[in-house]
Structure formats: C-alpha cells, structure tokens
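Shown next, in structure tokens, is the structure this report addresses.
The values are calculated or read from the model by the stated rules, or taken from the named source; none is laboratory data. No experiment lies behind these values; they were computed from the predicted model shown. With ideal geometry, Cβ positions are generated from the backbone for all residues, glycine too; neighbour counts draw on all protein chains shown. Keep in mind that these areas ignore ligands, DNA and RNA; they rest on the heavy atoms of the full protein, side chains included. Shrake-Rupley method; radii C 1.70, N 1.55, O 1.52, S 1.80 Å.
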Amino acid sequence: MLHRLHLKNVSPMALDPVAPRLNLITDDNGLGKSFLLDVAWYCLTRRWPQEVNPGLTNGAMALPRDRKQTATLTFTVDGEQRQESEYACRFDLEEETWLGKAGRPVNPGLMLY
C-alpha cells in the first residue's frame, strides 16, 4: 500500500493516503489528479502508464519543472512483509529517465483509476 508520495521539482503536489484500503481524490478539472495517479503507478511498478499502453493520450513520463534542479519522487509503501519502506527515484538528465533502487518493483497491490 502506498502510504506517502512526495514530488520535488516535478509538481507541487503530495499524497498522504489516510484510509487503509480506499482513498478518493477529488478536485476541479485540470489540477493534476490523473498526473498524481500516474506518478503513483510509476512508483509501484517502475513503468509509466504510456509505456504499458502506448495508445494512451496521457500517462507519459513526468519531467522536471526546472532542469537545473534535482527532481525526485519519494514514496513510502508496505508490501508482502507488511513493513513500511521508503524509496526515492531521481531524474537523470543525461539518460532522460528516472533512476531508483535496483531490483523488483514493490507493486504491493491493485491500483485502479
């Protein structure tokens, strides 16, 4: 389960789900709800939605707002072991990709949006 999501130099948004199984995100159109879910999807799977389905019109890789500053995605999840772990990914300007901890993605559950 995703417990916390913080974006630095990507978006001014953060996500701190409070319910253990279901959280609703509501706001006016165009304020970034789908973007926030795309980033959550990446954090759990290490693939952007558009990588999984190139036919999507959204779900592309998040990019830094300012290329002169470090961009990071920091998130806390628990998985099969039921212990919270914090992970961080940073955007590599040379490779034009997000880099994180090596190994299998956390992917602790099902996410629908």
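Exactly one condition in (1) more than 22 Å from V10 (Cα to Cα); (2) touching a residue at least 24 places away in the same chain (Cβ under 8 Å); (3) loosely packed, with under 12 Cβ neighbours inside 10 Å is false for N53; which is it?
Looking at each condition in turn, N53 falls short on (2).
Residue by residue through segment 56-72, note down the ones that are open to solvent by 60 Å² or more (accessible area, probe 1.4 Å) and of a type in the set (S, T, N, Q).
Of everything in segment 56-72, those that are open to solvent by 60 Å² or more (accessible area, probe 1.4 Å) and of a type in the set (S, T, N, Q) turn out to be T57, N58, Q69, T70.
Working only within segment 21-52, note down all residues that are over 17 Å from R104 (Cβ atoms) and β-branched (V, I, T).
I25, T26, V39 - these are the residues of segment 21-52 that are over 17 Å from R104 (Cβ atoms) and β-branched (V, I, T).
Which condition number does Q69 fail, the rest of (1) in contact (Cβ under 8 Å) with a residue 60 or more places away in the chain; (2) farther than 22 Å from H3 by Cβ; (3) touching a helix residue (DSSP H, G or I) at 6+ places or on another chain (Cβ under 9 Å) being met?
Going through the list (1) in contact (Cβ under 8 Å) with a residue 60 or more places away in the chain; (2) farther than 22 Å from H3 by Cβ; (3) touching a helix residue (DSSP H, G or I) at 6+ places or on another chain (Cβ under 9 Å), Q69 breaks only (3).
For residues in segment 73-102 being touching a His at 6+ places or on another chain (Cβ under 8 Å), under 23 Å from P12 (Cβ atoms) and not aliphatic (A, V, I, L, M), which is surrounded by the most Cβ atoms within 10 Å (Cβ to Cβ)?
Going through the qualifying residues, I end up with F75.
Take segment 5-24 and flag every residue that is open to solvent by less than 70 Å² (accessible area, probe 1.4 Å) and either touching a residue at least 12 places away in the same chain (Cβ under 8 Å) or among the polar types (S, T, N, Q) (or both).
Those that are open to solvent by less than 70 Å² (accessible area, probe 1.4 Å) and either touching a residue at least 12 places away in the same chain (Cβ under 8 Å) or among the polar types (S, T, N, Q) (or both): L5, L7, N9, V10, S11, M13, L15, P17, N23.
Considering only residues that are of a type in the set (A, V, I, L, M) and at pLDDT below 90, which ones fall in segment 6-20?
M13, A14, L15, V18, A19
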